[in-house]
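Reading through the structure tokens given below for one structure.
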Amino acid sequence: MSYPALPTCSSCPNRKGPLLGCCQLDELGMIADNKTSQVYQKGQAIFSAGSTTLGMHCVRQGRIKVTRVGGDGKEQIVRLAKGGDVLGCRSLLTESRYSTSAVALDDCVVCFVPRTDFLRLVHSNVQFSVSLMQMMAQGMSDAEERMLHLAYKPVRERLAEALLLLLRTYHDADADAATPFTISLSREDLAALVGTAKETATRLLSEFKAEGIIDTRGSRITLLAPSRLAQISSLYD
């Protein structure tokens, strides 16, 4: 389903992001002229692992999970994306197929910038290229830290860390500070983010709830004591 009114680059959250924030007005004009925009409903794939990489995906609004499937067939969430984030850059630069899949966690609007326009910016805009390298380096650092935590942190600590990651990623900066952060996320997705079984994630959530750290209602999770989660997540640091 196409977006009814094509979003403009000048009003996009990506405009002040690390990549498009480096673009001049004429470069933004080039992107705006050639990009397409799409609405994705909850559960719909933006792209799938193994498919051909044709361009860069700019998330205008919504929440997205980036996943990989392990040798055991289990899904692992390797990244969370939100409005202002970009997807697919590494595969574009390596001229490879997507190694991950991106799926909408809620209704999303995503703009697509063709490969030729993306590479034109890489070749002609030094600031864009530097910001891209910095972003990719940070992504590699985050992935290495995550792998380390999966190797030595108990599941309880990793669950606390995952809940804090959701807070950092999706908390509305303009929200009332006195209002606890609440997010809707299936137990399957939470388990895939933590790297554990759904039953284990559900049991530990119940423990956190009994301790007054969180509250749950269906798929909704409310963080009542983020500082307590921070303590739990750092026990093995």
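The values are calculated or read from the model by the stated rules, or taken from the named source; none is laboratory data. Just so it is clear, the model here is predicted, and its values are computed rather than measured. Here Cβ is always computed from backbone atoms with ideal geometry, including for glycine, and neighbour counts include all displayed protein chains. Surface areas here come from the heavy atoms of the whole protein model, side chains and all, with no ligands, DNA or RNA. Shrake-Rupley method; radii C 1.70, N 1.55, O 1.52, S 1.80 Å.
Checking the cross-link pairs Lys16/Lys153; Lys35/Lys82; Lys35/Lys74 against a 26 Å limit on the alpha carbon distance flags Lys16/Lys153; Lys35/Lys74 as lying beyond it.
Count the net charge of all other residues whose Cβ sits under 15 Å from the Cβ of Val122, scoring Lys and Arg as +1 and Asp and Glu as -1. Value of the local net charge: 0. Hey, quick one: spin label on His171, modelled 7 Å out along Cα-Cβ, who in segment 182-214 has an amide N within reach, i.e. under 18 Å? Under 18 Å, as judged by backbone N against the label point of His171, lie 182-185, 213-214 of segment 182-214.
Surface listing: His123, His57 arranged by accessible area from highest to lowest gives His123, His57, probe 1.4 Å. Ignoring the sites themselves, the chain has its longest run without GluC sites (Glu not before Pro) in a DSSP loop having at most 15 other Cβ atoms within 10 Å at 96-210.
For segment 91-185, the list of chymotrypsin sites (Phe, Trp or Tyr not before Pro) that fall in a loop by DSSP and count at most 12 other C-beta atoms within 10 angstrom is empty. Rolling a 1.4 Å probe across all protein chains gives Thr182 an accessible area of roughly 50 Å².
Can you give the Kirkwood hydrodynamic radius for segment 153-234, in Å, rounded to one decimal and based on Cα pairs? That comes to 12.6 Å for segment 153-234.
Taking every protein chain into account, the accessible area of segment 9-144 amounts to 50 square angstrom per residue (probe 1.4 Å).
Values (i) 56, 40, 32; (ii) 87, 44, 29; (iii) 92, 27, 23 are given for comparison; Cα extents along the principal axes in Å, derived from the coordinates here, is the one labelled (i). In the chain, Cα pairs under 8 Å separated by at least six residues give a relative contact order of 19 percent.
Shown for the chain: the carbon plus sulfur share of the solvent-accessible area, taken with all protein chains present and a 1.4 angstrom probe, equals 53%.
Dipole of segment 9-144 computed with +1 at Lys/Arg Cβ and -1 at Asp/Glu Cβ about the Cα centre; of Tyr40, Gly83, Met136, farthest Cα towards the positive end is Tyr40.
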